[in-house]
Structure formats: structure tokens, C-alpha cells
1. Given (1) crowded, with 16+ Cβ neighbours inside 10 Å; (2) out of contact with any His (no Cβ under 8 Å at 6 or more places or on another chain), where does residue 70 come up short, assuming only one miss?
2. Limited to the stretch 1-44, what total is found for residues that are under 20 Å from residue 179 (Cα atoms) and touching a Lys or Arg at 6+ places or on another chain (Cβ under 6 Å)?
3. Regarding residue 43, is this residue small (Gly, Ala, Ser), closer than 20 Å to residue 157 by Cβ, under 16 Å from the mean Cα position of the chain (by Cα) and part of a helix (DSSP H, G or I)?
4. Out of all the residues in the stretch 129-137, is one or more surrounded by fewer than 19 Cβ atoms within 10 Å (Cβ to Cβ), on the phi > 0 side of the Ramachandran plot and among the small types (Gly, Ala, Ser)?
5. Is there a residue being assigned to a helix (DSSP H, G or I) and at pLDDT below 95 anywhere in the stretch 152-170?
6. Given the conditions (1) touching an Asp or Glu at 6+ places or on another chain (Cβ under 6 Å); (2) surrounded by fewer than 17 Cβ atoms within 10 Å (Cβ to Cβ), and given that residue 59 satisfies all but one, which numbered condition is not satisfied?
7. Within the stretch 144-158, take every residue that is surrounded by fewer than 18 Cβ atoms within 10 Å (Cβ to Cβ) and touching a residue at least 24 places away in the same chain (Cβ under 8 Å) and give me the one that is nearest to residue 50 (Cα to Cα).
8. Does residue 95 meet the test of being in contact (Cβ under 8 Å) with a residue 60 or more places away in the chain and either surrounded by 18 or more Cβ atoms within 10 Å (Cβ to Cβ) or over 18 Å from the mean Cα position of the chain (by Cα) (or both)?
Amino acid sequence: MSWIEEVDVSEADGKLAERYAALIEQRGKVSNILKVHSLNPEAMGNHLDLYMTLMFGKSGLSRAEREAIAVVVSAENDCDYCVGHHAEALRRYIKDDYTLSALTTADGLEALEPRLSNIVRYAEKLTSAPAAMTDSDLEELRAEGLSDKDILDLTLIVAYFNFVNRIALGLGVTYSAEEISGYRDD
């Protein structure tokens with residue numbers, strides 16, 4: 001649900017129906033953040049391709065680290081939709097309540113274990129003060145064992161979630177507990 005017209009799964013035809021069917025087969029259902037693209041199925045496909053590459057493609061960043069980046073960027077942007085969705089996924093990987101709280105509020109990040117702390121503090125800074133980034137920010141990541149490819153992946157994930165947060169916030173994309181749970185996520 002959003003502030004703009006959307007085509008429901010039951011009313012879709014052509015390319016949109018194909019995209020919806022593929023999403024349901026792959027993920028179990030269609031998220032509202034993708035449904036908001038229903039007036040532009042080509043953009044939906046490109047958006048989904050980028051998401052799958054960044055969040056599930058080969059990377060030196062773990063799935064937990066990628067979800068943590070998503071949550072911190074979204075918390076920094078006050079995007080409840082994305083915090084809700086990605087905190088749900090993050091709970092599969094991180095069981096510690098203190099860590100989950102720090103990530104979902106983007107507060108206390110410096111107290112996390114060093115590698116995760118450096119990753120999410122980089123994500124927070126790139127989100128809140130992108131012009132303040134310096135090469136020393138990358139050196140801190142390298143000191144934690146991140147390769148330049150990992151740093152690129154991290155930066156792309158931060159940029160992606162800033163992009164998608166603006167879609168959710170700009171179009172009033174909503175969610176319910178039912179909508180954020182039960183996705184296939186392998």
C-alpha cells in the first residue's frame with residue numbers, strides 16, 4: 001500500500017504478471033516496496049536485479065553484515081518500512097538483543113564487535129554526511145580485513161538503501177507484521 005495507484009497481483013497482466021509470478025515463486029510473495037513499482041514493471045525488474053545482486057550475490061560481506069547495513073541506513077533515514085523488513089531478516093542471523101537494538105536504532109554502533117562496528121559506522125556516515133567521507137574511512141575497513149571489492153559492495157548496499165528508503169518514504173509505502181514476515185530468503 002502506498003500513496004499512488006498500484007496494480008494488485010490478481011489484476012496484473014503481461015510483463016507485470018510475469019514479474020509478480022517470478023517474485024512469488026522466488027520469495028513467496030510480493031513486497032509492498034516492489035508492488036509500488038507496478039506502474040513501471042521494467043523499473044521493478046531492474047530494482048529487483050540490483051537488490052538480488054547486492055544482498056545475495058557473491059561477496060566478502062556476510063548476509064548478516066548486509067542486513068545490518070540495510071537496517072542501519074534505514075534507521076538513519078527514519079525509514080520504518082525498511083527497518084522493519086530487514087530487522088526481520090537480521091534476526092535470523094543475530095540473536096543478541098543488544099546488537100539488534102544498536103543496529104535498529106543506529107545508536108551505540110561503536111560498542112559492537114570491531115568488524116561489524118566499522119562496517120555499520122561507515123554506512124551511517126555515508127548516509128548522514130556523504131561529503132565528509134575520507135580515505136581514512138576505508139583504511140579502518142581494510143584494517144578489519146575488508147578487500148576493496150568488499151568496500152565497493154558495502155558502498156553499493158549503502159547507496160541502494162538510501163535509494164529504496166526514498167522510494168518508501170516518498171511514496172508512503174506501508175507495511176504490516178504479515179507483510180514483513182514469511183519471505184523465502186535463501
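The values are calculated or read from the model by the stated rules, or taken from the named source; none is laboratory data. Every value quoted in this text rests on a predicted model; they were computed, and no experiment measured them. Ideal geometry is used to build each Cβ from the backbone, glycine not excepted, and the neighbour counts take in all protein chains shown.
1. Looking at each condition in turn, residue 70 falls short on (2).
2. 4
3. Details: small (Gly, Ala, Ser): yes; closer than 20 Å to residue 157 by Cβ: yes; under 16 Å from the mean Cα position of the chain (by Cα): no; part of a helix (DSSP H, G or I): yes.
No.
4. From the stretch 129-137, those surrounded by fewer than 19 Cβ atoms within 10 Å (Cβ to Cβ) are 129-137; that's our starting set.
Cutting the leftovers down to on the phi > 0 side of the Ramachandran plot gives us none.
No, that holds for no residue.
5. Quick first cut of the stretch 152-170, residues assigned to a helix (DSSP H, G or I) only: 152-170.
Going one step further and asking which of them are at pLDDT below 95, we end up with none.
No, every residue in the stretch 152-170 fails to be assigned to a helix (DSSP H, G or I) and at pLDDT below 95.
6. Going through (1) touching an Asp or Glu at 6+ places or on another chain (Cβ under 6 Å); (2) surrounded by fewer than 17 Cβ atoms within 10 Å (Cβ to Cβ) one by one, residue 59 breaks only (2).
7. Within the stretch 144-158, the first condition is being surrounded by fewer than 18 Cβ atoms within 10 Å (Cβ to Cβ), and the residues that meet it are 144-145, 147-149, 152, 155-156.
Pick out the ones that are also touching a residue at least 24 places away in the same chain (Cβ under 8 Å) and you get 144-145, 147, 149, 155-156.
Working: 144: 26, 145: 25, 147: 21, 149: 16, 155: 13, 156: 10 Å.
Among them, the one singled out is 156.
8. Working: in contact (Cβ under 8 Å) with a residue 60 or more places away in the chain: no; either surrounded by 18 or more Cβ atoms within 10 Å (Cβ to Cβ) or over 18 Å from the mean Cα position of the chain (by Cα) (or both): yes.
Answer is no for this residue.
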